[in-house]
Each structure stands twice: as C-alpha cells, then as structure tokens.
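As structure tokens, the structure follows; a few thoughts come after it.
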Amino acid sequence: MPDYKAPLEDIQYLLRDVFPLMPFCQELEGFDDVDEDTCDAILGEAARVCDQLLAPLDASGDAQGARFEDGDVFSPPGFREAYQTFAEGGWVGLGGPEAYGGMGLPKTLVSAVEEMIQGANMAFGLAPMLTVGACLAIQAHGSDELKSRYLPKMYSGEWSGAMDLTEAHAGTDLGLMRTRAEPDADGRYRITGSKIFITWGEHDMAENIVHLVLAKLPDAPAGSRGISLFLVPKFLPDEQGEKGERNTLSCGSIEHKMGIHGSATCVMNFDGATGWLVGEPHKGLACMFTMMNYERLVVGIQGIGVAEASYQGARDYALERVQGRAAGGARNKDASADPIVVHADVRRMLLEMKTLVEGGRAFYLYVAQWLDRARYGSTAEQREEAERRVALLTPVVKAFLTDRAFDACVLGQQVLGGHGYIREWGQEQHVRDARITQIYEGTNGIQAMDLAGRKTRACQGALIAEYLDEIRAALSDTPEDLGYAVSAMKAAIVQLERCTEAIVASDHDDFVGAAAVDYLDMVGYVSLGYMWMKVARVEAERGEAEVPLHRGKRRAAKFYFQKMMPLTESLAQRILAGAEALEIPDEEL
Ligand SMILES: Cc1cc2nc3c(=O)[nH]c(=O)nc-3n(C[C@H](O)[C@H](O)[C@H](O)COP(=O)(O)OP(=O)(O)OC[C@H]3O[C@@H](n4cnc5c(N)ncnc54)[C@H](O)[C@@H]3O)c2cc1C
C-alpha cells in the first residue's frame with residue numbers, strides 16, 4: 001500500500017506564486033497579524049499530522065469499519081486516539097473565530113489544510129468537517145446563549161457536530177419530511193422523528209454530539225417553507241455547560257456501504273428529544289444552507305484530496321512497474337522491459353489526473369479567496385461581489401470537482417491494471433471512497449440544476465457574465481507565448497455564452513434539466529482553464545525553470561489546453577441539442 005504524502009509543495013507553490021497569501025491577507029479586514037512564517041508552519045505541521053497520524057489509519061479504518069453494538073457506535077481502532085490528538089492540536093478550530101476558541105485563520109489557508117485531512121483519511125475527515133459546518137450555522141443564526149454554550153466546545157473538538165436532514169422518504173425533497181418539533185417549557189422544543197444516513201451521528205470519539213436537526217413545528221406551512229432548524233445535543237449541558245443528562249435520542253443502526261467504511265452512517269431516532277430553535281421558525285432551510293454551502297465546498301475539496309492520493313499511487317506505480325517497450329525503442333536497455341510510464345496512454349492517464357487534481361486544487365483555493373472576501377472584504381461592494389461569485393461557483397466546486405475526482409480515481413485504478421482492482425494497492429478504496437462525494441450534500445445533478453436554473457436562468461445569466469468578464473480581462477493581459485491557451489479559452493467562452501443564452505431563452509419545460517450537467521461541466525472546464533492560464537502565466541514570467549515542479553506545470557498546462565479543453569465543444573453541442581431527445585414515455589424506457 002503506497003503512503004499518502006500531503007501535497008505540501010504544490011499547495012505552497014499555489015499560495016506563494018499563483019494566489020500569494022500574504023498580500024491577499026493585507027487586502028482583508030482583520031488579518032494584519034497573519035505572517036508568512038506562521039502560515040508555513042501551520043501547513044507544514046498539518047502535513048505532518050495528516051501523513052503520520054491520519055493516513056496510517058485510512059486502510060485499516062476501511063478494512064475494519066465503524067461498528068454498531070446495542071445502540072453504541074465504535075469507531076475503527078485508532079480513530080478515537082487520533083481524534084483526541086487532532087482536537088488537542090487545535091485543528092478543528094483553525095478557521096473558527098478567536099472569540100469562541102478558534103484560530104481565526106482565513107479560509108484560503110484552512111481549505112488547503114482541509115484537503116490534506118480529506119486526502120489522508122476521508123472517513124475520519126468527515127467528523128471535523130461536519131463539526132465546523134454546524135458551528136458556522138450556529139454562529140450565523142443561533143442565539144448568543146447557544147453560541148457561547150456550544151461553539152467553544154465544538155471548535156475545541158471536545159464536542160462534535162452532525163447534520164440531520166435526510167429521512168427515508170425525504171432526501172432531495174426535504175419538504176416531505178415528517179420529523180416534528182413541539183414547543184416545550186423555557187423556550188425548548190421536543191423533537192420526534194427518524195433521520196437516516198447521518199454521518200458520524202453517533203460515535204465514541206468526542207464526549208458529546210451536537211445534532212442540527214430539521215423538523216416541522218405544529219403550525220408549519222406545507223413544503224420546504226415550513227421547516228425549522230433545531231440544535232439537539234446527545235447530552236444536555238449542565239449548569240456549568242459541561243456534558244450533563246442523556247437526551248432522548250439514539251442510534252438505531254448504521255449502514256453497510258460502498259466506501260468511507262471508517263465513518264459511521266447512522267439512523268438517528270429522536271424520541272421527544274430536547275432541542276433549541278436555531279434562527280426563526282419556518283426559516284430553518286435557509287439557516288441550514290449556511291452549513292450546507294460550507295459542506296458543499298469541502299465535499300469538492302474531499303474529491304481533490306482522494307484524487308491526489310490516487311494520483312500519487314498511480315504515478316509511483318507507473319515509474320516502477322515494467323511491462324513492454326517504449327514505442328520509440330527500449331528505454332531500459334539492460335532490463336527485460338521498460339516502466340509503463342514510457343507508454344503514451346499511461347502518460348495520458350497520469351496527465352489527465354494531474355491536470356484535474358492540480359487544476360482543481362487551484363480552483364478551490366480561488367473560490368476560497370472569494371469566500372474570504374465575502375466575509376472579510378473591506379467594502380460592502382467587495383463583499384457583495386464576492387457573495388455573487390461564491391454563489392455561482394459553489395455548485396461547480398461541489399459537482400465538477402467530485403465528478404472529475406471520481407474519474408481521476410478510476411484512471412488511477414486503470415494505471416495499475418489488475419493490481420488496481422485488488423485491495424493491496426489502495427486504488428479500489430479510493431474509487432469506493434470518492435463515489436459518495438458525487439451523491440451526498442445534494443447530488444451532482446441537483447448541483448447542476450442549481451447552477452443552470454437558480455444561478456443562471458433566474459438572473460438572465462448575470463452571474464456567469466460577471467465571471468466571464470473577469471476571465472476575459474485576465475486573457476487580454478496575457479504574454480504572447482501563451483497564445484495557444486488564450487485562443488482555446490476564448491473559443492470555449494464564446495461557446496459557453498451561446499449555451500447560457502440558450503438556457504436563458506429556452507421555453508421548453510425540460511431544457512434546463514436536460515442541459516444542466518453538461519452546462520456545469522462546461523463552466524468547470526472553463527474554470528480549470530482559467531486556473532491553468534494563471535499557472536502558465538506565472539511560469540512564462542519565471543523564464544528558465546530549474547525545478548521539476550515548475551517544468552511540470554508548463555507541460556501540464558499545455559496538455560490541459562490541447563487535450564481537455566476541446567471537451568467543451570462536444571458539451572456545447574449536447575446542450576444546444578435541447579431536450580427533445582429526452583422525450584420518452586415511461587413504458588419505453
Ligand atoms: C454515506 C452517506 C452519508 C450521508 N450523510 C448525510 C448526513 O450527514 N446528513 C444528511 O442529512 N444526509 C446525509 N446523506 C444523505 C444524502 O445527502 C442524500 O442521500 C442525497 O442528498 C440524495 O437524497 P436521496 O438519497 O434521498 O435521493 P433522491 O432524492 O431520492 O434522488 C434520487 C435521484 O433523483 C434525482 N432527483 C431527485 N429530485 C430531483 C429533482 N428535483 N430534479 C432532478 N433530479 C432529481 C437525484 O439527483 C438522484 O439522482 C448521506 C448519504 C450517504 C449515502
């Protein structure tokens with residue numbers, strides 16, 4: 001089994017040369033005291049923790065899985081101890097406000113750490129990820145009392161968080177949910193109902209688990225407008241705010257599933273459990289979106305983390321495994337065969353993986369910068385522009401990065417041939433783990449509908465036009481020797497604009513639904529093209545490159561524009577073909 005190594009060198013390259021972190025922090029409010037040495041030290045220490053503490057538990061966690069016994073859930077051996085060390089190291093609260101015990105660091109830096117955690121051990125990484133998402137929702141919508149009582153315990157990692165939306169008959173369509181909330185004394189509520197698929201809903205790693213539960217009040221309007229959000233802890237805090245009496249909620253079972261075996265996916269039963277309202281009655285879905293939008297970005301990052309692990313394994317294997325001879329004549333004349341990396345098709349697979357993983361990493365960092373501007377921008381105008389860009393690109397990070405990450409993991413498996421299919425080399429686990437990222441946090445189909453419908457058609461394409469203006473401005477100012485990239489980008493943008501117009505103008509009921517996934521992919525390929533443009537530009541300005549990483553970036557950029565970007569042409573054709581071909585009666589399917 002190859003060892004995962006956090007991609008520190010590439011992260012440092014991106015945060016130094018492509019999205020320089022220090023000048024960026026100076027643009028924001030409240031980061032004057034963040035310095036380069038501290039950021040480097042945090043990244044270096046995060047890489048060490050991920051390589052030495054979390055990655056060694058990834059395969060064993062997969063093999064042994066979480067265990068359910070009489071209502072209790074036991075994490076795989078080693079997870080509990082690793083969680084204690086992880087929490088004590090302050091990793092849960094890295095981006096949390098200092099007022100609640102966090103370190104208050106910008107999202108741009110934190111997202112790089114998140115990738116390392118998810119790449120090292122995705123099943124484990126889900127626990128802090130859900131905790132931070134729950135904290136953000138409490139912070140944005142909870143009462144002062146809820147914030148002061150829960151956030152310090154959660155950001156310290158002593159208490160973990162869980163997100164309880166899904167019910168057996170209510171997945172995408174949360175308006176169908178049946179969980180009820182009855183007002184009780186002292187502003188409390190009694191929550192009754194059953195939730196399924198709740199990640200880390202029950203476990204033995206933290207002393208308490210804080211559930212954010214969606215439920216309906218007795219006077220709730222029908223559908224998704226009648227949903228409220230409640231904070232429901234496993235143990236009620238006592239007078240001192242410490243873990244007190246057990247609440248009436250329990251885990252009924254855990255799922256047997258395809259991947260992320262190390263994490264527990266729980267059925268949670270609420271039996272008149274005590275909870276507190278978060279935000280206003282009936283506005284719970286909007287409050288939950290604070291958590292969901294954060295989780296969607298991190299799910300995209302998860303995809304890149306797992307695909308990076310797969311890429312590392314595939315690249316190392318391709319350099320070692322000897323089979324056949326190079327087309328132009330033997331490379332290893334003294335040996336019986338050449339390493340498989342001599343074969344063009346193997347390099348094609350590795351370069352597809354490299355451009356998607358490294359381009360995807362640049363893209364999530366780019367979006368994280370917009371997220372920081374949205375929160376810490378110095379003017380209202382800057383914050384509003386940033387909000388618009390984050391709204392547009394969140395579904396793209398979630399769906400494009402996870403779809404391409406899954407493709408990349410399958411390529412990684414393919415590079416290993418039959419050895420990719422068996423357990424020993426870890427590639428089959430990456431494929432199984434990556435698969436869920438396309439499904440949870442709103443399926444990728446739903447993300448695409450969000451992009452093409454709410455974020456494009458509903459605003460007459462205004463959000464995408466603003467984004468494309470930014471890209472065009474960057475293209476106009478690009479060195480001449482990047483002409484190959486500029487022309488590929490310009491052609492793709494023209495196609496994307498045609499497709500946007502078609503989506504905005506369509507009068508067929510199903511046009512948006514039929515076009516959505518292809519449209520999201522187009523925006524994704526153009527976005528990664530924009531990232532590779534930025535990288536290619538940095539390298540063009542560098543001149544002579546001594547370091548293999550820099551030379552590799554130049555070649556990868558060329559590969560991206562010649563071999564990946566043309567995919568946008570066929571996507572445009574599919575979009576413009578409309579919805580007619582999808583008209584088929586049920587009985588003919
Ligand atoms: C391992 C795992 C962990 C999870 N963790 C959590 C968690 O922590 N908390 C939580 O609350 N949930 C969690 N989930 C649930 C997950 O978010 C849902 O499974 C997911 O959102 C899809 O819901 P569903 O499974 O009910 O599918 P459905 O909603 O039944 O969808 C089925 C198919 O129909 C499509 N579809 C549905 N509606 C539409 C529409 N309007 N337009 C177009 N297509 C549509 C979907 O895209 C999908 O392809 C988890 C699930 C799994 C498997």
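Helix 462-476 and the longest principal axis of the Cα set of the chain meet at an angle near 30°.
The residues packed around D450, meaning those with a beta-carbon under 12 Å from its beta-carbon, carry a net charge of +4 if Lys and Arg are +1 and Asp and Glu are -1. How many angstrom lie between the Cα centre of the range 367-391 and the Cα centre of the range 432-466? If we compute the Cα centre of each part, the gap is 19 Å.
For the chain, what class follows from the C-alpha gyration tensor (a ≥ b ≥ c being the square roots of its eigenvalues): rounded when a/c is under 1.5, otherwise prolate if a/b is larger than b/c, else oblate? Note, shape of the chain comes out prolate.
Comparing Cα centroids, the range 133-184 and the range 204-248 end up 6 angstrom apart.
What order, most packed first, do the peptides 514-527, 52-65 have when packing is the mean number of other Cβ atoms within 10 Å of each residue?
Details: 514-527: 24.6, 52-65: 19.6.
My ranking of the peptides, most packed first, is 514-527, 52-65.
Here the gap between A474 and L567, fully extended at 0.36 nm per residue and compared with their Cα-Cα distance, gives a gain of 31.3 nm.
Assigning unit charges at the beta carbon (Lys, Arg +1; Asp, Glu -1) and nothing else, what dipole magnitude in debye, to the nearest 20, does the range 444-582 show about its Cα centre? Please report the intermediate quantities before stating the final value.
Working: 16 positive and 20 negative charges, 109 e Å.
Here the size comes out at about 520 debye.
Ordering L350, L231, L451 from the fewest to the most neighbouring beta carbons within 10 Å gives L350, L231, L451.
Computed FRET efficiency, Cβ-Cβ of R454 and D17, R0 41 Å: what is it to the nearest 0.05?
Numbers: r = 35 Å, r/R0 = 0.86.
It comes to 0.70.
With K and R counted +1 and D and E -1, the other residues having a Cβ less than 13 Å from that of T179 yield a net charge of +1.
Express as a percent, rounded to the nearest 5, the fraction of DSSP beta bridges in the chain (both residues included) that run antiparallel. Let's see the in-between values first.
Numbers: 35 of 43 bridges.
Around 80 percent antiparallel, to the nearest 5.
Couplings 3J(HN,Hα) for the range 62-76, derived from phi with the Karplus relation 6.51 cos²θ - 1.76 cosθ + 1.60 (θ = phi - 60°), are 5, 5, 8, x, 6, 10, 10, 8, 6, x, 9, 10, 10, 6, x Hz, where x marks Gly and Pro. Summing -39500 (n - 2.57) over the DSSP H runs of n ≥ 4 in the chain and dividing by its residue number, what mean residue ellipticity at 222 nm do you reach, to the nearest 500 deg cm²/dmol? Calculated mean residue ellipticity at 222 nm is -17500 deg cm²/dmol. Using a ≥ b ≥ c from the Cα gyration tensor of the range 37-187 (square roots of the eigenvalues), is it rounded, prolate or oblate, where a/c under 1.5 gives rounded and otherwise the larger of a/b and b/c decides, a/b for prolate? Here the range 37-187 falls in the oblate category. The peptide list 149-155, 396-402, put in order of mean Cβ contacts within 10 Å with the highest first, becomes 396-402, 149-155. If the Kirkwood radius is taken over C-alpha pairs of the range 444-582, then at 4 °C and 1.567 mPa s the Stokes-Einstein diffusion coefficient equals 82 µm²/s. Assign one of three labels to the range 202-302, namely rounded, prolate or oblate, based on the Cα gyration tensor with a ≥ b ≥ c the square roots of its eigenvalues; rounded applies when a/c is under 1.5, prolate when it is not and a/b is larger than b/c, and oblate otherwise. Since a/c reaches 1.5 but b/c is at least a/b, the shape of the range 202-302 is classed as oblate.
Suppose every Lys and Arg Cβ carries +1 and every Asp and Glu Cβ carries -1, with no other charges. What dipole size does the chain come out with about its Cα centre, to the nearest 20 debye? List each step's numbers first, then the result.
Values: 57 positive and 88 negative charges, 233 e Å.
Its charge dipole is roughly 1120 debye.
For a protection proxy built on the mean count of beta-carbon atoms within 10 angstrom, sort 427-435, 382-390, 545-553 highest first, please.
Details: 427-435: 24.4, 382-390: 16.9, 545-553: 13.6.
The peptides rank, most packed first, as 427-435, 382-390, 545-553.
Where the centre of each part is set by its Cα atoms, how far does the range 528-564 sit from the range 8-26, in angstrom? That distance is 16 Å. Taking 1 over the mean of 1/r across every pair of different Cα atoms in the range 311-444, what Kirkwood radius in Å do you get? About 17.1 Å for the range 311-444. Counting only Cβ charges, +1 for Lys and Arg and -1 for Asp and Glu, the dipole size of the range 175-250 around its Cα centre is about 540 debye.
Relative to the dominant Cα principal axis of the chain, helix 380-415 is inclined by about 70°.
Report the relative contact order of the chain, percent, no decimals, based on alpha-carbon pairs under 8 angstrom and at least 6 residues apart. Please report the intermediate quantities before stating the final value.
Details: 1071 pairs, mean separation 76.0, N = 589.
Dividing the mean separation by the residue count of the chain yields 13 percent.
No value in this document is a laboratory result; all are computed from the given coordinates. The structure displayed is predicted, hence computed values, not measured ones. No Cβ is skipped: glycine too gets one built from the backbone with ideal geometry, and neighbour counts run over all protein chains shown.
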